[in-house]
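Take a look at the structure set out below.
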Amino acid sequence: MGNLMKGIKIAAYVAEIIVAGSVVIELVEKYGSRSKKKSAASKVAVDNAVTEN
């Protein structure tokens, strides 16, 4: 029974690390890609202005 509890604790630690890693990835995607979205939007605006002229 003791080995089972140790295994469950290790599995819980691994799951916690995976969840924390996914949270970090989500934050990086959310705040790291903001500048890319702005630059992409400004590029579309420039392209539209060029095609209209």
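The values are calculated or read from the model by the stated rules, or taken from the named source; none is laboratory data. Please read these numbers as outputs of a predicted model, since none were measured by experiment. Every residue, glycine among them, receives a Cβ derived from its backbone with ideal geometry; neighbour counts consider all protein chains shown. Ligands, DNA and RNA are stripped out before the accessible areas are found, and what is left, the full protein with its side chains, is counted by its heavy atoms. Shrake-Rupley method; radii C 1.70, N 1.55, O 1.52, S 1.80 Å.
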Flag if K38 is surrounded by 10 or more Cβ atoms within 10 Å (Cβ to Cβ) and modelled with pLDDT of 95 or more:
no
For the range 2-30, give me the residue count where each residue is open to solvent by less than 70 Å² (accessible area, probe 1.4 Å) and not polar (S, T, N, Q).
7
